[in-house]
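Trainee: Could you have a look at this structure, given as structure tokens, before my questions?
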Amino acid sequence: MIKNLKMTEFGDFQTPLKLAEQVARLVFERYSYVRSIVEPTCGLGNFIRASVKANENLESVYGWEINSEYIKSAKNILCNHKRSKINIEQKDFFSIDWSLLPEYLRHFVLFIGNPPWVTNSELGRIGSRNLPQKTNFQNHAGLEAVTGKSNFDISEWMLIKIAEYISGKKAAMSFLVKTSVARKVFLHICKNRLSLKSIDIHNIDAKKHFDVNVDACLFCTEGSSTSPKGYACSIYESLSDQRPVKTMGYANGKLVSDIDKYGLLKDIDSKSEMPWRSGIKHDCSKVMEFRLEGDRLINGFEEEADLPGDYLYPMYKSSHIANDRLRHPVKYMLVTQRRLGIETDSIRILSPKTWTYLQSYKDKLGSRKSSIYKNAPEFSVFGVGDYSFQPWKIVISGLYKNIRFRLVGPFQEKPVVLDDTCYMMSFESEEKAEFVYRLLSSKVAGDFIDSVVFKDSKRPVTVALLNRISLKYLANHLGLADKYNSFFEKSKQKQLNLF
Ligand SMILES: C[S@@+](CC[C@H](N)C(=O)[O-])C[C@H]1O[C@@H](n2cnc3c(N)ncnc32)[C@H](O)[C@@H]1O
């Protein structure tokens, strides 16, 4: 148990020697000018062993590590090595004063290794302070970082430190990291215009090498004497692939996953002419959602609910939408308000049975944790407005990775509502909804989405992504500009004339 806690605290996944050797071969072929290496969190020293094997010309080799037991073992393993210039020292990465590093570690140096795989929130949970202390990293103050209020990988902090150090120098870095961390480091490089070039990501199989289910890669870059005009990061499927499968880029302050594809479609990346919104949030599905068994409504407590239809709506959740076939709704949602924040007392008069039902679950609804319910009317829901009750909707799941739009019409003469795991755009007219659905389910829209999203991220579909897709420019690409204008621009003009 103690050992496991320690492993968590230090994000400890020692790199298998075979993998370290494969990385070292690739890296030294690339950076043949390197004369010194630093492994800043060297553990048992496998990267040091692999590097001295791959490059006979190394003049000095430094290993830093926080854990004294590892230092002892690494020294034992490396003591027989004929090269006398291997220095293993106990050092805490976070207390290194980079301005005091000796001159010979400024140029022709390669930083190589595999930094800790742990986030500040994980450290906060176990009460560890293995973190940068006096820093305001990416606007997260030190204490906030410890309490886990903000979440970041400590390897992100380490790699950024090294990237800033090698910027503008003839020096390089190569590290095994989570792919999400590599992307954040790339974003930092672009935003801060660091003088770095030849930025690459080589995917690795983390399950095979470390027995962890996470996307991981080798992230490499080297200093450049000038600040580059633009930034690009070549993505290779594996350590042995010679050709990149695509190139990640940076445009309008954001990362794009395929800069070549994006270049052809970038005009679409402006703003959706109609807003995308989340579905309804109630934080109490056992009370507010029902399935129909025969003619009986059953809630999440398996209790029968005696409810009239007036506040009930057919509903979809993410799992329904992401399914291969979209079936008729099989669930219903009790929606207590038609607009945000309006009173709910009138339900007592308008629908006494609904009121009785809500009263019987008063405690459950009253103890919803989110602060949004604190000063809101009793039994409130959120993410609700006129748009929730429009008959036609284009919907997409925010939970699943298959990016698929669906056209949803009324069911049993009622609008279908969505839970807050889904996003939607709603319409009064079926014709308009069908047209927009045609735009969004086109290959062009798919290609645009492919060019900007990272499918390996936890939730590739976000409301921010959807709101970037301009329907007008999508229509232009599809040769449907006239139709778009007849639906949207003319009605806009009509409204303007009216006023
Ligand atoms: C993912 S392991 C990798 C070890 C080694 N680099 C390798 O590739 O086999 C991360 C290492 O970072 C060390 N570590 C954690 N926090 C550190 C810190 N603040 N300073 C230096 N080393 C640290 C851990 O003890 C552990 O050995």
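The values are calculated or read from the model by the stated rules, or taken from the named source; none is laboratory data. This one's a predicted model, so the numbers in the text were calculated from it and none came from an experiment. Virtual Cβ from ideal backbone geometry, glycine too; neighbours counted across all protein chains shown.
Trainee: Quick check: anything in the range 74-90 under 26 Å from Val214 (Cα atoms), buried (at least 22 other Cβ atoms within 10 Å of the Cβ) and touching a helix residue (DSSP H, G or I) at 6+ places or on another chain (Cβ under 9 Å)?
Mentor: Within the range 74-90, none of the residues are under 26 Å from Val214 (Cα atoms), buried (at least 22 other Cβ atoms within 10 Å of the Cβ) and touching a helix residue (DSSP H, G or I) at 6+ places or on another chain (Cβ under 9 Å).
Trainee: Regarding Ser397, is this residue surrounded by 14 or more Cβ atoms within 10 Å (Cβ to Cβ) and closer than 30 Å to Cys233 by Cα?
Mentor: yes
Trainee: Quick one: would you say Ser99 is at pLDDT below 90 and either at negative phi or over 24 Å from the mean Cα position of the chain (by Cα) (or both)?
Mentor: no
Trainee: If you go through the range 67-83 one residue at a time, do you hit one that is in the same structural domain as Ser225 (by TED's automatic domain parsing), over 26 Å from Ser224 (Cα atoms), without any contact (Cβ under 8 Å) to a residue 40 or more places away in the chain and among the aromatic types (Phe, Trp, Tyr)?
Mentor: yes
Trainee: Enumerate the strands (runs of 3 or more DSSP E) found wholly within the range 204-266, keeping only those where 1 or more residues are closer than 23 Å to Glu29 by Cβ and touching a residue at least 60 places away in the same chain (Cβ under 8 Å).
Mentor: Because the criterion is at least 1 residues that are closer than 23 Å to Glu29 by Cβ and touching a residue at least 60 places away in the same chain (Cβ under 8 Å), the strands (runs of 3 or more DSSP E) in the range 204-266 that meet it are 216-223, 246-251.
Trainee: Moving on. Of all residues in the range 365-381 being of a type in the set (Gly, Ala, Ser) and not in a loop (DSSP other than H, G, I, E, B), which is modelled with the highest pLDDT?
Mentor: Gly366
Trainee: Could you tell me which residue of the range 99-131 is nearest to the ligand (Cβ to nearest atom), considering only residues that are buried (at least 17 other Cβ atoms within 10 Å of the Cβ) and without any contact (Cβ under 8 Å) to a residue 40 or more places away in the chain?
Mentor: Ranking the qualifying residues of the range 99-131, first place goes to Leu131.
Trainee: Applying the selection to the range 34-57, what residues are away from the ligand (no atom under 16 Å from the Cβ), in contact (Cβ under 8 Å) with a residue 12 or more places away in the chain and over 36 Å from the mean Cα position of the chain (by Cα)?
Mentor: Arg35, Asn55, Asn57, listed by residue number.
Trainee: A further question follows. Those residues that are touching a residue at least 60 places away in the same chain (Cβ under 8 Å) and under 20 Å from Val335 (Cα atoms), I need them from the range 398-415; list them, please.
Mentor: Answer for the range 398-415, where residues must be touching a residue at least 60 places away in the same chain (Cβ under 8 Å) and under 20 Å from Val335 (Cα atoms): Val408, Phe411, Gln412, Lys414, Pro415.
Trainee: Based on what the data block shows, is Phe47 in the same structural domain as Asn213 (by TED's automatic domain parsing), buried (at least 20 other Cβ atoms within 10 Å of the Cβ) and farther than 20 Å from Cys220 by Cα?
Mentor: no
Trainee: Something else now. Output the strands (runs of 3 or more DSSP E) that fall wholly within the range 1-112 and possess 2 or more residues being β-branched (Val, Ile, Thr), or say none.
Mentor: Fully inside the range 1-112 and qualifying: 36-39, 86-90.
Trainee: What helices (runs of 4 or more DSSP H) completely inside the range 382-499 contain at least 1 residues that are within 20 Å of Lys281 (Cα to Cα)?
Mentor: It comes to 463-466.
Trainee: In this structure, does Val61 turn out to be touching a strand residue (DSSP E or B) at 6+ places or on another chain (Cβ under 7 Å), away from the ligand (no atom under 13 Å from the Cβ) and within 19 Å of Tyr165 (Cα to Cα)?
Mentor: So Val61 fits the description; yes.
Trainee: Given (1) within 15 Å of the ligand (Cβ to nearest atom); (2) in contact with a strand residue (DSSP E or B) (Cβ under 8 Å, 6 or more places away or on another chain); (3) at pLDDT below 95, where does Thr15 come up short, assuming only one miss?
Mentor: Every condition holds for Thr15 apart from (3).
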